[in-house]
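Engineer: Sharing a structure, written as structure tokens. Questions coming.
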Amino acid sequence: MSLPTRELDKTGVKIPIVGFGCMGLSEFYGPADENESIQVLKRSLELGCNFWDTADIYGRNGANEILLSKVLKERRDEVFLCTKFGIVRGDEGEFVELRGDREYVRQSCENSLKRLGISQIDLYYLHRMLPKTPIEETVAAMAELVKEGK
């Protein structure tokens, strides 16, 4: 099965018009069974929904990205993967602050790559606008990551 697609800006990359938001597989809507969540991810691919969206804050300590890695290790070439950065959580899972400074962008990307078990993120973007950090600094850090193939 396949879903209708659209070109992602002028990249030539085609993605489904419907994506799968993975947040609920790790928290926010009550407990989730890991095996069940993995089956949901695999079924989304069977149905042609290979545009997955996650973030480093979904689940404690990046649990959502770790969950996705369990499917990505076998099916990375089938998934267009998006993950986000910019919201910092504390040790107890509380939301602490928003960050978009160069050092944080780079470290967040490295952490996401490690948790996801991949070498490149298809779409990496800022979760929230940041009042303290000039957007030019955040975008420059993201551009560096693109040049490095991350």
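The values are calculated or read from the model by the stated rules, or taken from the named source; none is laboratory data. Since the model is a prediction, treat every value here as computed from it, not as a measurement. Note: ideal-geometry Cβ built from the backbone for every residue, glycine included; neighbour counts use all protein chains shown.
Engineer: Give L126, L116 a once-over and let me know the one that is in contact with a helix residue (DSSP H, G or I) (Cβ under 7 Å, 6 or more places away or on another chain), more than 21 Å from Q39 (Cβ to Cβ) and surrounded by 12 or more Cβ atoms within 10 Å (Cβ to Cβ). Even if it seems obvious, please write down each step before you answer.
Structural biologist: Working: L116 fails: more than 21 Å from Q39 (Cβ to Cβ).
It is L126.
Engineer: Could you tell me how many of the residues in the stretch 39-55 are touching a Leu at 6+ places or on another chain (Cβ under 8 Å) and in a strand (DSSP E or B)?
Structural biologist: Here the count works out to 2.
Engineer: Kindly check whether there is at least one residue in the stretch 54-63 that is surrounded by fewer than 16 Cβ atoms within 10 Å (Cβ to Cβ) and not aliphatic (A, V, I, L, M).
Structural biologist: yes
Engineer: Sticking with this one: Got at least one residue in the stretch 23-38 being within 19 Å of L123 (Cβ to Cβ) and not in a loop (DSSP other than H, G, I, E, B)?
Structural biologist: The answer is yes, given that some residue of the stretch 23-38 is within 19 Å of L123 (Cβ to Cβ) and not in a loop (DSSP other than H, G, I, E, B).
Engineer: Looking at the stretch 68-108 only, could you name the residues that are of a type in the set (V, I, T) and either surrounded by 15 or more Cβ atoms within 10 Å (Cβ to Cβ) or at pLDDT 95 or above (or both)?
Structural biologist: Result: V71, V79, T83, I87, V88, V105.
Engineer: Under the condition of being free of Cβ contacts under 8 Å to residues at least 12 places away in the same chain and not in a loop (DSSP other than H, G, I, E, B), which residue from the stretch 4-22 is farthest from E46 (Cα to Cα)? Walk me through how you get there before you give the answer.
Structural biologist: Taking the stretch 4-22 first, the residues free of Cβ contacts under 8 Å to residues at least 12 places away in the same chain are 6-7, 9-12, 14.
Checking which are not in a loop (DSSP other than H, G, I, E, B) leaves us with 6-7, 14.
On the way: R6: 19, E7: 21, K14: 17 Å.
Only one residue fits best here, namely E7.
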